[in-house]
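This report concerns only the one structure given below.
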């Protein structure tokens, strides 16, 4: 394999991951399932945690959820479990497609 081809494959695999730069407007999607990271605010402690999740978007059924104190931990969990799914950028979408069922379109 040539160095250019290897570099392109590495770049493609990195581009298919949720990152600190894209998690707020992107999801990982496979058929009717979507995975991502959301922010959860606790007003009592005035802190944020990060929720790694997977839902069945048509039925709005939660299949996986886990809260993390640090964003990098949540991203690692989602990418390890669902990183082979398609990365979908939702930036610029509005309406029903931008809510909890955002990947169901």
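The values are calculated or read from the model by the stated rules, or taken from the named source; none is laboratory data. Keep in mind the model is a prediction, meaning the values are calculated, not measured. No Cβ is skipped: glycine too gets one built from the backbone with ideal geometry, and neighbour counts run over all protein chains shown.
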### Query
Take the residues of the range 65-96 that are in contact with a helix residue (DSSP H, G or I) (Cβ under 9 Å, 6 or more places away or on another chain) and either at pLDDT below 95 or not in a strand (DSSP E or B) (or both): which is surrounded by the fewest Cβ atoms within 10 Å (Cβ to Cβ)?
83
### Task
Take residue 62 and decide whether it is modelled with pLDDT of 95 or more, assigned to a helix (DSSP H, G or I) and surrounded by fewer than 13 Cβ atoms within 10 Å (Cβ to Cβ).
no
